[in-house]
Every structure is written in C-alpha cells, then in structure tokens.
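Have a look at the structure below before the remarks.
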Amino acid sequence: MKTGFTLTEILLVIAIIGIISLATIPAIRFYQPNIQLSGAARELVTDLRYIQQITVTEQVEHCIQFFPLEKKYQIVRCTDGVIEEKTLPAEIETMTVTGFAEDKVMYNPYGAVRESGTIVLENTRNETKTIFVKPSGFVEITD
C-alpha cells in the first residue's frame, strides 16, 4: 500500500487557498490607509520623544521642522543642522501643524517645548490622528 495525496485532493486544497486569498486581499486594501495613518502617527510621536531625550542628554536644543505641503519633516540639531528627514506615506493626504512658531517643535535642555501645539494627520479616507504636544514636552495621540 502506498500513501499520499491524489491529484484531486491537491487541486482542492489549492482552490481553497485561492478562495481565501481572494477574500482577504480586499479587506487588507480597505484597512491599508488606516494602518498607514496609525503607523505614521506613532513614528512621529517616537521621533518627538527621541529628540526630547537627546536634547536633555546632550544639553543642546533639538527640534522637528515640519513641511506640511510636502508632507515631510526634519529632525534638526539647532547647532549643526539636519540629522534626518522623513516623508509621510502616500496614504497620508494632509498634515496640519498649529500652535508652533515656524512649524517647528523645539525642545529646550530641560525637555520642555517652547510652544505647545497640535499636528493633525489625515489619510485618504478622511480619518485623522491628532498629536498633542504639551508645554511640558508630553506628547499624546488621539483619534
């Protein structure tokens, strides 16, 4: 006696996998803009906390300079210049920055910001994430 799978069984398994794949691809595409929005907001908050930490550690002012029309921002050491530049994903439709002078979040050596404000990211499905930067330097995300 030989054991194994018949051609019919293999074709049936392949057909089931194909049907499941076809059903999940539209669901993934539907949630893609929301996933990208959440990821971009978390990355921006991480960068804000990072520059706060290196400002306190190095005792040199750092900031994030926003370019809302270009949908990008730069991490800047105020004495040396740009450390890194990041561009938001294509699914992010708009970035609105309010409350900060010159669209710049600047941390002092104590970890506080010069001005408090908000950054609002909006995706292609008009969903938003708002990032609040408080005077103490505390950063939080809300929907």
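Being surrounded by fewer than 15 Cβ atoms within 10 Å (Cβ to Cβ) and not polar (S, T, N, Q) is the filter; apply it to the range 115-126 and report the residue that is farthest from Ala90 (Cα to Cα). Only one residue fits best here, namely Glu115. If the condition is being in contact (Cβ under 8 Å) with a residue 60 or more places away in the chain and part of a strand (DSSP E or B), then the range 129-139 contributes Lys129, Ile131, Val133, Val139.
The strands (runs of 3 or more DSSP E) located wholly in the range 85-127 that include 3 or more residues which are closer than 14 Å to Ala41 by Cβ occupy 92-98, 117-123. Among the residues of the range 44-84, just one is within 19 Å of Ile131 (Cα to Cα), loosely packed, with under 13 Cβ neighbours inside 10 Å and acidic (Asp, Glu), namely Glu70.
Of all the numbered requirements in (1) among the aromatic types (Phe, Trp, Tyr); (2) closer than 22 Å to Pro135 by Cα; (3) in a helix (DSSP H, G or I), Phe30 misses one, and that requirement is (2). Annotation: Val105 fulfils all but one of (1) surrounded by 15 or more Cβ atoms within 10 Å (Cβ to Cβ); (2) at pLDDT below 90; (3) touching a Cys at 6+ places or on another chain (Cβ under 8 Å); (4) not charged (D, E, K, R); the unmet one is (2). In this entry, Leu7 is excluded by the filter for residues that are under 23 Å from Thr118 (Cβ atoms) and exposed (fewer than 11 other Cβ atoms within 10 Å of the Cβ). Given the structure, is Thr79 out of contact with any Ser or Thr (no Cβ under 9 Å at 6 or more places or on another chain), without any contact (Cβ under 8 Å) to a residue 60 or more places away in the chain and part of a loop (DSSP other than H, G, I, E, B)? The answer is yes for Thr79. Within the range 45-61, can one find any residue that is touching a strand residue (DSSP E or B) at 6+ places or on another chain (Cβ under 7 Å) and part of a strand (DSSP E or B)? No, every residue in the range 45-61 fails to be touching a strand residue (DSSP E or B) at 6+ places or on another chain (Cβ under 7 Å) and part of a strand (DSSP E or B). The lone criterion from (1) in contact with a helix residue (DSSP H, G or I) (Cβ under 8 Å, 6 or more places away or on another chain); (2) more than 21 Å from Gly39 (Cα to Cα) left unmet by Tyr73 is number (2). Is it the case that Tyr110 is under 14 Å from the mean Cα position of the chain (by Cα) and of a type in the set (Phe, Trp, Tyr)? So Tyr110 fails the test.
The values are calculated or read from the model by the stated rules, or taken from the named source; none is laboratory data. Keep in mind the model is a prediction, meaning the values are calculated, not measured. Quick reminder, even Gly has a Cβ in these numbers, built from the backbone with ideal geometry, and neighbours come from all protein chains shown.
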